[in-house]
Structures are given as structure tokens and as C-alpha cells.
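Quick notes on the structure that follows.
The values are calculated or read from the model by the stated rules, or taken from the named source; none is laboratory data. Please read all numbers here as calculations on a predicted model, not as lab measurements. Virtual Cβ from ideal backbone geometry, glycine too; neighbours counted across all protein chains shown. These area figures cover heavy atoms from the full protein model, side chains too; ligands, DNA and RNA do not enter into them. Shrake-Rupley method; radii C 1.70, N 1.55, O 1.52, S 1.80 Å.
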2 protein chains.
Amino acid sequence: MKYNKDTSEKILENAFEEFGENGYNGARMQSIADRAGINKALLHYYYRSKDALFEIVMKKAFQIMVPKLMKTFNSDDSVCESIEKFVEIYIETIMKHPQIPGFVIHEISNKPDRLVRLIKSTEINFNLLKQKIQKEMDEGKLVQMAPEQLIVNVLALCVFPFMAKPLVTGLLLDGDKKAYKKLIEDRKKEVASFIIRSVKIEEPKS
Amino acid sequence: MKYNKDTSEKILENAFEEFGENGYNGARMQSIADRAGINKALLHYYYRSKDALFEIVMKKAFQIMVPKLMKTFNSDDSVCESIEKFVEIYIETIMKHPQIPGFVIHEISNKPDRLVRLIKSTEINFNLLKQKIQKEMDEGKLVQMAPEQLIVNVLALCVFPFMAKPLVTGLLLDGDKKAYKKLIEDRKKEVASFIIRSVKIEEPKS
DNA sequence: TTTTAGTTTAACTATTTGGTTAATATTAAC
DNA sequence: GTTAATATTAACCAAATAGTTAAACTAAAA
């Protein structure tokens, strides 16, 4: 046999949730075992240690995200077109895996270096993106601003409502969970429009 | 005597830092005691438990933030003017107390209800704000969108770069910490311009 | 100066929790 | 069906750490 695939995946899935909800320090091996309906010793049998398990789960999270996001960067597209695609895919993917932002946020305060290293090891290339933005600004297609500011803005508008879910629901939507889902759903289009209205310079009609 | 004020404040200050640097789960009661130069038992004598201490630290954080934010809401101002003031004060205050977003993040995943209650108990009134935004949209002064979306956007653009500090520094700024400080400093104006360009409808010249 | 109420400490306890071990159950090979 | 390899479990261990206790200290009141 050598390692039951059912079991190993069950562990991974439940570890994903536990780590996502509680962060590395808050997550409990016993709790992961309970979620998966197995004995705690099995976790160590399959994945050796909490740390090792965490690293695999984190890599899995990026394996989900990165390929989808990369598809949205087509070199023929304008920055605005890229933003439209990126925002839609980003929000859609996080809707399916809402643990991911918590996962990242928790690890930022825990082991930021490991996280930075992991992201740098993916195909995501922020320098290329910065250059492309700068070029369009120089060509008068986008409002002048530091490209980093634009990138931060795009990410902020995508991620924040997931991290702040209980606050958005509790403070802005009177606890209405359906309204929250609609708000997120609407953001797939809303966020891109919001950004583009701010940065796009319309070409003068020929 | 009944509780030495020096001691209780010394505890609070050092707890604020310990929780801020390590998060709730990473913080150690012994470490807080050591920082404050007192015996660990005193922590419990003054604040009963780790969770109770954290709750008070959290309240203290809001006592810092809320009055400053409230000053930015002048009923005579337009929504855009309010946003300008709000963003500047928000970013300035968090720059002085960068621990605060971390507290909020922890409480969101740990005791969201308690957090929502805490915020509701302040003078901050999101319903009033929503109405004001809606009114200006109806008057044709702002682009039509759900007021909640605009509020989420403002908060997202303010908070995110603090939470993602190591990522912004490590991935967008080649680890340059001075560049990070400048980026944040610039955002005091940049974020408001970004938002206003997107939502403000210029009045036709009379 | 003695008493008393409140404050602080050193030493201790209980619990939590990541990890191990040795025994048991299951599956596949022969 | 017996054996050998693999998978799973119950019970345990050790370290870390939140929380307690009882004694010692301090300062104000009597």
C-alpha cells in the first residue's frame, strides 16, 4: 500500500481549514485529527510534524491560487483588461477557498520570511507588472501614480472583505449573511470598475 | 490604595506591545511580566486572565482610534471631504500604533461577536454614513454604487498595507524599509485621490 | 508602635499540546 | 489460510505555559 491516499488527502483538507481559521499558532494537531476523524498519531505518521504539515498545506494553497491568477496575465491585454480579469478570478477563487486569506494573514505575523520566499518561488513577477503599468502611464493611458500604489490598491480591494467578513456582515449588513454573499459576488465587477474609473485615461476620439 | 495605577498601566502598555509583536497565541504572560518588570502573578491579580487582559488591550486600542476618527466626520463636509480627512487620520494613527490591525485580525477569527459588540458600542455609526452617501448619490454628486461597497473600499485601502507590510516590503519594494515608510506616508493623500477620482461627479460649471 | 488592608513575590499546580511508542487491525502477497 | 508489510489506534511522555497559593512585604490608619 504505502500511505493511503484517501487518508492523506483528508488530513490535508482538514489541516487547510484548521490552519486557515486559526493560523499556525492557533491550530491544534488534535483538532485537525478530530476534523478528519482519525487518530492524532496518524498526522505524524503521514506528515512528521506540525511544521512540515503546515508547509505542505501552504504550498497547496498557492498551487490553487497561482495558476489561476497567472492565466489572467495575458501580455496582449492592457493593464485595465488585466485588472478586470484578475479581480474576477481572484474573488471567485477565494470564494471557493475562503481559508486562504486567513492563512496568509496569520503567517505574515508569524513567519513572514517563509511566506515571501514561497511567493517569490512562484511564477508571479511583480517587477514585470510594475514595468507594464509604468509604460502605460508614460503613454498617457493611465493616471500617474507609483505602480506599487496601484498594485497595493488592487490587492487591498480584493482581499480585505474576506478578512473582515464578520465585521462587514455585523456592522454594515445587520448580520445578513445573504447580503454578504451578494456584496462579494457584486465585487467581481464592482472592484474593477471602481479602479478603472480612477486610473484609466480615455483615449481622445479619433 | 486599591490597585496601583502605575502598575496597572505598566502592565497594559507592555501587554499592548507583547500582543502586538506576537499576536494573542504567540504572546506569553511571563514575557509581559518580564517587560513590565513585575511578577507574573500580578498580571492575574490585576487582570484575571490572558483573555481578559487582551480584551482590555483591545478596548484601549479603540480608545486611541475612535475619537480621532470621529473628529473627521463633520456633518457640514461632503462625503469626499470626509474621506480625505478620514484616510489621512486613519493612516497617521495606525502608523503610530501599527499593532492595532493585528489585534483586530486576531479578534475577528477568535471572538468576532465580542468585536462587533465593541465597535457598535462606540460612537461610530455606519448607518448614518450609509445614508449620507446615498443622499449624495441621489443628488448626482457621486457615482451610483452600493454605499456598503464604498465604505468597504475606503477601509480596505487604509488597512491592507499595514496588515500586508512584510509582503509589500518583500515583494514590491525589494525589502527596502524606507521605501515602505514612504509608500505609507504617500498613501495619506494618494488613497483619497484614488477614491475621489473614481466616485466624484464634477459639478457642471455654472 | 502596632495593626490592618492592600500589594507583590517565589514556588507550585494543572492543563494544554506536540510528539512518541508499543500494541492492534487491515490488507496484500505467497 | 498464513505471513509479512502497512495502516491505525490507545496510552503515554515531556515541555511549555496559564493560572493559583501562601507567605512576605509595604504603607497608611489607629
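Measuring how big the protein assembly as shown is from its alpha-carbon positions, Rg and Dmax come out at 22.7, 82 Å. Residue and distance for the chain B Cβ closest to the axis that moves B onto A, in whole Å, come to B:ASN25, 1. Take A:SER121, push a point 7 Å out from Cα through the beta-carbon direction, and compare it with the same point in every other copy: 4.5 nm, smallest first. Split the accessible area of the protein assembly as shown by element, probe 1.4 Å, and carbon with sulfur accounts for 52%.
Couplings 3J(HN,Hα) of segment A:71-84, computed from phi: 4, 7, 9, 9, 5, 6, 6, 6, 4, 4, 5, 4, 4, 4 Hz, in residue order, whole Hz [Karplus 6.51 cos²θ - 1.76 cosθ + 1.60, θ = phi - 60°; x for Gly and Pro]. Of A:LYS181/B:LYS71; A:LYS85/A:LYS181; B:LYS59/B:LYS181; B:LYS85/B:LYS120; A:LYS132/A:LYS181; A:LYS178/B:LYS111, which pairs sit farther than 30 Å apart, going by alpha carbon to alpha carbon? With Cα atoms farther than 30 Å apart: A:LYS181/B:LYS71; A:LYS132/A:LYS181. Inter-copy label distances at A:ASN39, using a point 7 Å along Cα-to-Cβ, come to 4.5 nm with the shortest given first. Here the 3J(HN,Hα) profile of segment B:109-126, calculated from phi with Karplus coefficients 6.51, -1.76 and 1.60 at θ = phi - 60°, is 8, 9, 9, x, 5, 4, 5, 4, 4, 4, 5, 5, 7, 8, 6, 4, 10, 6 Hz, Gly and Pro shown as x. What is segment B:59-206 by shape, rounded, prolate or oblate, if you read a ≥ b ≥ c off the alpha carbon gyration tensor as root eigenvalues and call it rounded for a/c under 1.5, prolate for a/b larger than b/c, and oblate otherwise? Taking the square roots of the gyration eigenvalues as a ≥ b ≥ c, segment B:59-206 is oblate. Restricting segment B:31-96 to trypsin sites (Lys or Arg not before Pro) that sit in a DSSP loop and have at most 12 other Cβ atoms within 10 Å of their own Cβ leaves B:ARG48.
For B:PHE73, inter-copy separations between label points set 7 Å beyond Cα along the Cβ vector come to 4.1 nm, shortest first.
Specify whether the C-alpha gyration tensor of segment B:130-205 places it in the rounded, prolate or oblate class, a ≥ b ≥ c being the square roots of the eigenvalues: rounded for a/c under 1.5, otherwise prolate if a/b is larger than b/c and oblate if not.
Note, shape of segment B:130-205 comes out prolate.
Backbone geometry of segment A:18-29 corresponds, through the Karplus equation with coefficients 6.51, -1.76 and 1.60 at θ = phi - 60°, to 3J(HN,Hα) couplings of 4, 5, x, 6, 10, x, 4, 5, x, 6, 10, 4 Hz, x marking Gly and Pro. Between amide H atoms placed 1.01 Å from N, distances below 5 Å from B:LEU142 occur with B:MET137, B:ILE201, all of them 5 or more places distant or on a separate chain. For the options B:LEU172, B:LEU150, B:LEU142, a Gaussian network treatment of chain B with springs between C-alpha atoms closer than 10 Å singles out B:LEU172 as fluctuating the most. Comparing A:VAL116, A:VAL79, A:VAL154 in a Gaussian network model of chain A (Cα springs below 10 Å), the most mobile by mean-square fluctuation is A:VAL116. The coefficient of translational diffusion for segment B:1-103, derived via Stokes-Einstein from the alpha carbon Kirkwood radius under 4 °C and 1.567 mPa s, stands at 86 µm²/s.
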